[in-house]
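Q: Take a look at the following structure, please.
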Amino acid sequence: MKKKQITTYDQAVAYIMNTPKFTTKNTMEDTRAFLHALGGPDRGLSIIHVAGTNGKGSVCAYLRSVLEAAGRSVAVFTSPHLVDIRERIVIRGEMISKEAFLTAFLQIYEALDWQALEAGGGYHPTFFEYLFFMAMLVFAEERPDYCILETGMGGRLDATNAVSHKEIAVITHISLDHVEYLGHTLGAIAGEKAGIIQRGVPVVYADTCQEVGQVIRDRAYFLSSEAYPLSKTDYSFSKNSDKNIDFSYISRYYGSVSLRIPTIAGYQMENCSLALRTLEVLAEREVRMAEKMALRKAPLQLTQEMLKIGAASCFWPGRMEEVLPEVYVDGAHNEDGIRAFLESVAADGHKGGRHLLFGVVQDKDYPDMLHRIVKSGLFDRLSITHLKSDRTASLDKLEQVLAACCALPAAEYASVTEALETILAEREPETRIYIAGSLYLVGEVKAKLQYRR
C-alpha cells in the first residue's frame with residue numbers, strides 16, 4: 001500500500017469509502033494502541049456507550065434530545081449514514097464541516113506507519129475504525145458535555161469499545177442478526193453486546209427476553225456494575241394523535257409521566273423510555289460522584305419538563321420518517337425490525353390503502369421478512385426493487401420467495417429511482433406508501449428526494 005497525496009474533502013471521503021477493499025478486521029489491542037498513539041483523545045470525555053441489535057440510533061437520538069433540553073452540549077457518533085458520510089459525526093445538532101472532516105482525516109492519515117504499510121505490514125484502520133478515530137479527535141477538540149457513541153455491528157470487539165472510560169452503558173433490544181459474527185443464539189449475541197459493560201460503570205438495558213437479561217445481569221455482577229432493566233411495564237401506550245404517539249413512562253423520579261413523541265412508530269416508545277431511564281441513572285450517578293469528588297461540571301438534573309421537551313423534539317431520520325405527504329421510510333432491515341415495523345403499521349390508524357416498496361440485502365433472512373409482510377395482510381400492493389449496493393438481493397430471488405408464499409402480485413423495479421417515480425405517479429388517492437427492508441433503500445430514497453428538491 002502506497003501513501004497518496006490527499007488534500008481535499010472529496011479525496012478523503014473516497015479513500016475512506018475504499019478502505020474495505022484493502023483492510024481486514026483488527027484486534028482490539030491494535031485499535032486501542034492506535035487510539036493511544038493519537039494522544040488518547042477519548043480521555044476526559046463523558047461517554048455514553050450504546051449497543052444492541054435494533055434501536056441503537058433511535059436511543060442515541062433520544063439521549064441527545066433530552067440532554068440538549070437539559071441545556072447540555074452533546075456530540076454523537078452513529079452509523080450508518082443515509083446520504084452524507086458526515087451524518088456519523090454530529091456536534092451540537094450539526095454535522096461536522098467538510099473542513100473539520102478533512103482535518104481529522106489527515107491527522108489519522110499522517111499518524112499511520114507508511115513505511116510498514118508500504119512493506120506489506122503495519123496497522124491500518126478499517127472503514128468503521130477510521131471514522132471512529134476521526135470522531136474522537138473532533139470531540140476532543142470541541143469538548144462537549146457528553147459524547148454518545150453507538151457501536152457498529154458488535155460490542156465486545158467493536159472499535160468504540162476501545163475507549164478508556166465510560167459514564168454509562170446502554171444495551172437496546174437484542175435479536176438474531178449478524179449471527180455469522182456474533183453467535184447463533186440470543187444468549188451468545190447478548191454476550192457480545194454485554195462486552196461494552198465496564199467495571200464499576202452502570203448498564204441500562206431493554207429487558208425483553210429472560211435469556212438476554214440473564215446474560216447482561218451476570219456480566220454486570222462479574223464486573224461489580226449496577227444493572228438497571230427497562231421492561232414493558234415501565235411504559236404504556238395511550239393513543240395515536242395526529243401522527244404522534246402519546247404514552248406514559250414510569251420515571252425513577254416523578255412516577256408516571258405523560259409524553260408525546262413525533263412518530264407513528266410504536267417501537268419508539270421503548271427506545272425513548274430506555275433513553276430516559278439511562279439519563280435518570282446517569283444523573284443519580286453524577287450526584288453521588290459530586291458528593292465524593294469535584295466534577296468539572298454540575299451534576300445532570302432532569303425535570304419533567306425536560307423529559308417532555310426532549311421526547312417531543314426528537315427526530316431520527318429513516319425510522320418511520322414521513323419524507324413526503326403519506327410516504328414513510330423505515331430502516332427495518334432484519335426479522336425483528338420488520339416485526340416492529342409491521343406492528344407500527346397495524347396501529348397507525350390509516351384508513352386507506354397501503355403500498356409497500358421492499359428492497360433488501362442478500363445476507364439478511366429476507367424469506368422470513370417477506371413471509372411476515374405477506375402474512376400481516378396489511379398491504380394492498382407490494383413492490384420489490386433492486387438496490388445499488390453490491391450486497392443487494394436480486395429481484396429473481398425475491399420473486400421466488402413471493403411466488404411460494406402468496407398470491408399478492410408484486411411489481412418489480414430495476415432501480416429505486418424507477419420504483420419511486422412510478423409508485424408516486426400511479427398512487428391512488430388515500431393510499432399511504434411505506435418503504436422498508438434496508439437502510440440502503442432508505443438512503444437511496446432520501447438521496448433521490450433531496451436531488452428532486
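Q: Report, ordered by chain and residue number, the lysines lying within cross-link reach of K3, taken as a straight Cα distance under 20 Å and ignoring same-chain residues fewer than 8 apart.
A: Qualifying lysines at Cα under 20 Å: K21.
Q: Separate question: Between M28 and E426, what is 0.36 nm times their sequence separation minus the Cα-Cα distance? Round to one decimal in nm.
A: Extending this stretch completely gives an extra 138.1 nm.
Q: Name the trypsin sites (Lys or Arg not before Pro) in segment 1-96 that are in a loop by DSSP and that have at most 11 other C-beta atoms within 10 Å, would you?
A: Sparse-neighbourhood loop trypsin sites (Lys or Arg not before Pro): K2, K4.
Q: Of S73, S389, S273, how do they rank once you tally other Cβ atoms within 10 Å and put the fewest first?
A: By the 10 Å Cβ count, ascending: S73, S389, S273.
Q: A further question follows. Run through segment 369-432 and list the GluC sites (Glu not before Pro) located in a DSSP loop whose Cβ has at most 16 other Cβ atoms within 10 Å.
A: Loop-located and lightly packed - E430.
Q: Quick check: pseudo-label points 7 Å beyond the Cα along Cα→Cβ at D390 and I6, how many nm apart are they?
A: 1.9 nm
Q: Counting only other residues whose beta carbon sits under 11 Å from that of R92, what net charge do I get with K and R as +1, D and E as -1?
A: -2
Q: Something else about it: Grab the other residues whose beta carbon is less than 11 angstrom from that of P367, score K and R as +1, D and E as -1, and report the net.
A: Once all neighbours under 11 Å are counted, the net charge is 0.
Q: Which translational diffusion coefficient, to the nearest whole µm²/s, is obtained for segment 257-410 from the Stokes-Einstein equation, given a Kirkwood hydrodynamic radius over C-alpha pairs, 10 °C and 1.306 mPa s?
A: My calculation gives 86 µm²/s for D.
Q: A further question on this structure: Provide the packing ranking of 316-326, 8-18, i.e. peptides ordered by the mean count of other C-beta atoms within 10 Å per residue, highest first.
A: Final packing ranking: 316-326, 8-18.
Q: May I ask you to derive the FRET efficiency for Q400 and M289 from their Cβ-Cβ distance with R0 = 45 Å, giving the value to the nearest 0.05?
A: 0.20
Q: Using amide H atoms built 1.01 Å from N in the peptide plane, name the residues 5+ places from G152, or on other chains, whose amide H lies under 5 Å from its own.
A: A159, T160
Q: Could you tell me whether segment 321-452 comes out rounded, prolate or oblate from its Cα gyration tensor? Rule is a ≥ b ≥ c as square roots of the eigenvalues, rounded for a/c under 1.5, then prolate if a/b exceeds b/c, otherwise oblate.
A: Note, shape of segment 321-452 comes out rounded.
Q: If each DSSP helix of 4+ residues adds -39,500 (n - 2.57) and the sum is divided by the residues in the chain, what number results at 222 nm, nearest 500 deg cm²/dmol?
A: -12500 deg cm²/dmol
Q: Can you compute the charge dipole magnitude of segment 280-374 about its Cα centre, using +1 on each Lys and Arg Cβ and -1 on each Asp and Glu Cβ, nothing else charged? Give it in debye, rounded to the nearest 20.
A: Charge dipole, segment 280-374, about its Cα centre: 380 debye, nearest 20.
Q: By its C-alpha gyration tensor, with a ≥ b ≥ c as the square roots of the eigenvalues, how is segment 383-443 shaped: rounded for a/c under 1.5, else prolate for a/b larger than b/c, else oblate?
A: Oblate.
Q: Same structure, new question: Given that just one value was derived from the coordinates, which of [x] 23.6, 77; [y] 22.1, 67; [z] 34.3, 102 is Rg and Dmax of the Cα atoms in Å?
A: Here the calculated entry is [y].
Q: Using a simple spin-label model with points 7 Å from Cα along the Cα→Cβ vector, what separation in nm is obtained for A188 and Q115?
A: In this crude spin-label approximation the distance works out to 4.4 nm.
Q: I'd like the FRET efficiency for A298 and S164, computed as 1/(1 + (r/R0)^6) with the beta carbon distance as r and R0 of 25 Å, rounded to 0.05.
A: After rounding to 0.05, the efficiency reads 0.60.
Q: While we're looking at this one, here's another question. What percent antiparallel are the DSSP beta bridges of the chain, to the nearest 5?
A: Here the antiparallel bridges make up roughly 40 percent for the chain.
Q: According to a simple spin-label model (label point 7 Å from Cα along Cα-to-Cβ), what is the distance in nm between S258 and A347?
A: Rounded to a tenth, the inter-label distance reads 1.8 nm.
Computed from the coordinates by the stated procedures, all read-outs in this text should not be read as laboratory data. In this text the structure is predicted, and so the values were computed from the model without any measurement. Ideal geometry is used to build each Cβ from the backbone, glycine not excepted, and the neighbour counts take in all protein chains shown.
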